[in-house]
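Structure first, then comments.
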Amino acid sequence: MFGSYEWNKKLVIRTVASWALALLVFFPILFMLVTSFKTELQAIAVPSLWVFEPTLENYTEVQDRSDYLHFAWNSIITSVLSTILGLLIAVPAAYSFAFAPTKRSKDIMMWMLSTKMMPAVGALIPIYVICQKLGLLDSVFALTIIFTMINLPIMVWMLYSNFKDIPREILEAARMDGATLWDEFRQVLLPLSMGGIASTGLLCLVLSWNEAFWVLNLTSANAGTLASLVASYSSPEGLFWAKLSAVSVLAIGPIVVFGWFSQKQLVQGLTFGAVK
Amino acid sequence: MSSPDQESRLTQRLLLTPAVSTLLLWMIVPLVMTIYFSFIRYNLMQPDASGFVGWSNYEFFITNPAFGDAVFNTLLLLGSVVIITVTFGLALALLINDPFPGQGLVRVLLISPFFIMPTVNALLWKHMMMNPIYGVLAQISVFFGTEPINWLQDLPLFSVIIMLSWQWMPFACLIFITSLQSMDKEQLEASSLDGATFWQQFRYLYLPHLARPMSVVIMIEVIFLLSVFAEIFITTSGGPGTASTNLAYLIFAEALLNFDVGAASAGAVFAIILANIVAIFLIRMIGKNLEN
Amino acid sequence: MGFLDLEAVDKYYGKLHAIKGIDLSIQQGEFIVFVGPSGCGKSTLLRMIAGLERINGGTLTLDGNDITHAAPAKRDLAMVFQTYALYPHMTVAENMSFSLRLAKVDKAIIDEKVKTAADKLDLTQYLDRTPKALSGGQRQRVAIGRAIVRQPKVFLFDEPLSNLDAALRGQTRVEIARLHRELGATTIYVTHDQIEAMTLADRVVVLRDGIIEQVGTPLELYDHPANRFVAQFIGMPQMNLIPTSHVPAAPQGSVELGVRTEHMAICAMGDARIKGSVEMVESLGNETLIHVRPEFAGEHDLPLIIRQYERTDLQMGDEAGVRWDDQHVHFFDADGKTLTNTVQGVAA
Ligand SMILES: Nc1ncnc2c1ncn2[C@@H]1O[C@H](COP(=O)(O)OP(=O)(O)OP(=O)(O)O)[C@@H](O)[C@H]1O
Ligand SMILES: [Mg+2]
């Protein structure tokens, strides 16, 4: 690992600085991870303990008390379903913007993005009232729909910029070859834009998983996701750091690991095609 | 423009319909209801009192001394986090751009906070980092023999800015890293041979290359930062006083803590107007960059 | 009625009237070439025929059927794009067979047809590669192969050779001519390249600003240009123009005399019709181009170019006399229309 480098002073400084800064940025997460294996007393020891006998009791207690799997399941369901639903709606729209633009396309796309700038609180009360009237408070269904809607503008933009990179002539050639719209999509566009569609899906998944505003305001025990599970450890038991850490690690673990694996994919779509 | 016959133009329109109609519903219905609520008396604690009240909800909301603070805090939060994350994200990206031992792992460590959910972010900082007695920051202060700062009490908005910057800096960094990989290496080498200093390279080669990714970062961050909620809700609850109350939190406080939906709705209308002003600004500034 | 008929075909891009009521009748088996300056609407017209651009007015008839508003897939035309537009995720064989597979043609027949086309285009050994692993010339041949396996009614080419280097371009040009001879397929071909136009075309269509300036065989256009634009557009270097005020015995109403470079010659000062100074000498080996600035020419006028097949001793700055052959002159009126072509028949 170290052999292939030509060591000089600059490289040493760069390496040390990079590692130091990376560890600094990562430190809070590391601290939390370590704390989750302490007892509550060890957790608040000053100065912080780094050598101790790790325990799993926090994790078992979290599961015992609040049915982690139930919340995790809600997180998975809402983020996966909203991602699929979002792709189903966003792909056709992005196709239309990218390959059959009209004079108004640009305006419509900007409008879509502007709905994303409207603060969620602006819509909270009406949505709350509507959900209440329809009996959809604390329902996984409503949460899925809401996740879909809040991510839709960004999905359309990401897919659009991705489709834009596909030369139009290739689709035209398919049309000349006798392809219907469906053939064109299924046999040409889809294989060519798999990367972009995947990265759009990944981002949508991350955003839904981490969404807190709607979850905190519209759900409780039944449809709550991991975001609300974590929040429930907030005020009253604030000082039970070890358990809080355990539940946090459980809540972010899946998505962080997922994020590590998909970072390359993710950024490619995230940049709206700005990074060539 | 693309397909000539009527039939396929209809198809094109059909492709757009689901996205446009659902988003329109998602936008219009709450908007209309919010505007409607903002003109009536609607307090959850006084269900009997109702009726049209004209502009008085707006008056109430504006004259609420918290309103000005909330607008100011919203913009300050937005501005600081964008500037901090773009600056540090860029610096870090430049630092780790060239290969060194462990580059891949460093990159993964650096971007991790972006995948942390806001609630965890908030709790982690509130308790383990910023707690004035047991927190890591307090321990550092003690180590250096200074008085520990009570972050959330004394510097509430700044604390929130730190949390948000920690979360969004990795995002900016990640995008800059990817963008830097596509820099023209020969151009850089040529300029080194010409004796260009790092600052000259930065100014004339890196910055122009990064203009577009920078627009993207700013745009996405603005979208998410305009409506920061969970971080404030969990850590400071907008306080002390209104020191860390942004518009989103103020509306929430009016509606769900004071049960005054009418006033909250008037606030929401303000938030929407503010968002649109920022949006227009942003789209003017950045929209062009995003297109081609 | 031809095989493919365009009647008063119009195209608007917003306010821009890109194609202005074009009439054109193409016979079965003909090789038609569209030429014209950049932006004149060649690609647009081709894409309108293909169905990739909406036709805003007029009618398009193919083999007796009105296809003005038919979808591209329904027109039975094949197009070869400048950028090749191969499907990057498919092998060469899959690229070529895509249309047949969509049409649910029997597998055995598809294989047979792909094999035949690949043989013709010398692609057999590449059938399992993806386009990424091919050279530019090979990609171009795949694009052509994709068109011919379908046996469409008309082939459309949009500057198919412009991404190839000069040698390959020449070679592929010959190949396209051979394919056209063998298949006898109706072809419309857009190009910038005069040599392609002259050598491939049965008839050349000269476009300018969305209208047809002239249609004719290559030599007709060369010998009998309908106007100054065509006269100057066809032929390299451009035809020389001389204001008739400096020409004795010009016909009534003419304002300019046009003489092709090969019909002008350097001569002794005594015989000269025009005197001037040599501005540049281009020696190309087989021919020599001498640029002469006439005495009367203003600073911004183009010099006369004389093409000769002998070497010359003239140097920059020398005085030179110029004369021309009255058998090969063209007179243009104030509108640029040709008054008289004194060229002696097509065979002259
Ligand atoms: N999609 C479009 N929208 C608006 N204007 C267009 C569009 N496509 C072409 N045009 C305009 O129509 C005119 C004809 O363009 P076209 O591409 O047909 O030219 P061309 O003859 O093929 O040129 P070139 O030789 O450079 O390829 C040009 O003025 C061009 O700017
Ligand atoms: Mg063209």
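The values are calculated or read from the model by the stated rules, or taken from the named source; none is laboratory data. Source: prediction; values computed, not measured. We place every Cβ from the backbone using ideal geometry, glycine too, and count neighbours over all the protein chains shown. Calculation scope for accessible area: heavy atoms of the full protein, side chains included, ligands and nucleic acids excluded. Shrake-Rupley method; radii C 1.70, N 1.55, O 1.52, S 1.80 Å.
How big is the A/C interface in buried accessible area, both sides summed, 1.4 Å probe, to the nearest 100 Å²?
1600
How high is the FRET efficiency between residue C:318 and residue C:12 when r is their beta carbon distance and R₀ equals 51 Å, given to the nearest 0.05?
0.40
Just the number, please: Stokes-Einstein D of the stretch A:63-270 in µm²/s, Kirkwood Rh from C-alpha pairs, 20 °C, 1.002 mPa s.
Stokes-Einstein gives a translational diffusion coefficient of 114 µm²/s.
Short version: what are the Cα gyration tensor semi-axes of the stretch C:202-348, square root of 5 times each eigenvalue, largest first, in whole Å?
Semi-axes, largest first: 26, 18, 14 Å.
Compute the Cα gyration tensor for the protein assembly as shown, then decide on rounded, prolate or oblate, letting a ≥ b ≥ c be the square roots of its eigenvalues: rounded whenever a/c is under 1.5, prolate when a/b is larger than b/c in the other cases, and oblate in all that remain.
prolate
Please work out the average accessible area per residue across the stretch C:229-338, using the 1.4 Å probe convention, and give it in Å².
52
If the cut-off is 17 Å between C-alpha atoms, which aspartates and glutamates fall inside it for residue C:115, apart from same-chain ones fewer than 8 positions away?
Of all the aspartates and glutamates, those that pass the test against residue C:115 - Cα under 17 Å, at least 8 places apart if same chain - are C:94, C:106, C:128, C:182.
Go ahead and estimate [θ] at 222 nm for chain A from helices alone: -39,500 (n - 2.57) per DSSP H run with n ≥ 4, summed, over the residue count, rounded to 500.
So the helix-based figure for chain A works out to -23500 deg cm²/dmol.
Once the Cβ-Cβ distance between residue B:44 and residue A:220 is put in as r, and R0 is 22 Å, what FRET efficiency do you end up with, to the nearest 0.05?
It comes out at approximately 0.80.
Let me spell out the model: positive unit charges on the Cβ of Lys and Arg, negative unit charges on the Cβ of Asp and Glu, origin at the Cα centre of the stretch A:63-270. What dipole size does that give, in debye rounded to 20?
360
Restricting the count to DSSP beta bridges whose residues both fall in the protein assembly as shown, what percent are antiparallel, rounded to a multiple of 5?
Roughly 75 percent of the DSSP beta bridges within the protein assembly as shown come out antiparallel.
How many nm separate the modelled label positions at residue C:199 and residue C:327, each set 7 Å beyond the Cα in the direction of the Cβ?
It is 2.8 nm.
Measure off 7 Å from each Cα along the Cα-to-Cβ vector at residue B:207 and residue C:124, then give the distance between these two points in nanometres to one decimal.
That separation, rounded to one decimal, is 6.2 nm.
So, counting K/R as plus one and D/E as minus one, what does the shell of residues with Cβ under 10 Å around residue C:203 add up to?
Taking every Cβ under 10 Å from that of residue C:203, the sum is -3.
Set the Förster distance to 25 Å, then compute FRET efficiency between residue C:302 and residue C:339 from the Cβ-Cβ distance, nearest 0.05.
0.70
For the stretch A:1-62, what does the convex hull of the Cα positions come to per residue, in cubic angstrom?
In the stretch A:1-62, the Cα convex hull volume per residue is 132 Å³.
Looking at chain C, what % of its DSSP beta bridges pair antiparallel, to the nearest 5?
Around 75 percent of the beta bridges assigned by DSSP in chain C are antiparallel ones.
Could you state how much accessible area is buried at the A-B interface, both sides summed, with a 1.4 Å probe, in Å² to the nearest 100?
8900
How about residue A:243: which lysines have a C-alpha closer than 29 Å to its C-alpha, ignoring those fewer than 8 places off in the same chain?
Cα-Cα hits under 29 Å: A:38, B:126.
If you wrap chain B's Cα atoms in a convex hull and average its projection over all directions, what's the area in nm²?
Projected over every direction and averaged, the Cα hull of chain B covers 23.2 nm².
How much length is gained if the chain between residue C:192 and residue C:23 is pulled fully straight, taking 0.36 nm per residue apart and subtracting their Cα-Cα distance, in nm to one decimal?
So the chain would gain 58.7 nm between residue C:192 and residue C:23.
How many percent of the accessible area of the stretch A:1-93 is carbon or sulfur, using a 1.4 Å probe?
74
Taking the solvent-accessible surface of protein heavy atoms with a 1.4 Å probe, what is the per residue accessible area of the stretch C:127-176 in Å²?
41
With viscosity set to 1.567 mPa s at 4 °C, what whole-number translational diffusion coefficient in µm²/s follows for the stretch A:101-215 from Stokes-Einstein and a Kirkwood radius over Cα pairs?
78
Which value, in debye to the nearest 20, describes the size of the charge dipole of chain C about its Cα centre when Lys and Arg Cβ atoms bear +1, Asp and Glu Cβ atoms bear -1, and nothing else is charged?
Its charge dipole is roughly 1600 debye.
Would you mind checking C:74/C:337; A:164/C:120; B:185/C:132; C:20/C:132; A:164/C:11; C:42/C:74 for any pair whose Cα atoms are more than 32 angstrom apart?
From C:74/C:337; A:164/C:120; B:185/C:132; C:20/C:132; A:164/C:11; C:42/C:74, over 32 Å: C:74/C:337; A:164/C:120; C:20/C:132.
Dividing the Cα radius of gyration by the Kirkwood radius, what Rg/Rh value follows for the stretch B:139-244?
1.17
I'd like to know which of B:199, B:155, B:122 lies farthest towards the positive end of the charge dipole of chain B, counting +1 on Cβ of Lys and Arg and -1 on Cβ of Asp and Glu.
Highest projection toward the positive end goes to B:199.
Quick one: putting +1 on the C-beta of Lys and Arg, -1 on the C-beta of Asp and Glu, what dipole do you get for chain B around its Cα centre, in Debye to the nearest 20?
Dipole about the Cα centre, nearest 20: 240 debye.
Roll a 1.4 angstrom probe over the protein heavy atoms and tell me the percent of accessible area of chain B that is carbon or sulfur.
67
Which value in nm describes the separation of the simple spin-label points at residue B:144 and residue C:56, placed 7 Å from the Cα toward the beta carbon?
6.9
Using DSSP to define loop residues, name the chymotrypsin sites (Phe, Trp or Tyr not before Pro) in the stretch C:248-348 whose beta-carbon has at most 11 other beta-carbon atoms within 10 Å.
Within the stretch C:248-348, the qualifying chymotrypsin sites (Phe, Trp or Tyr not before Pro) (loop, at most 11 other Cβ atoms within 10 Å) are C:309.
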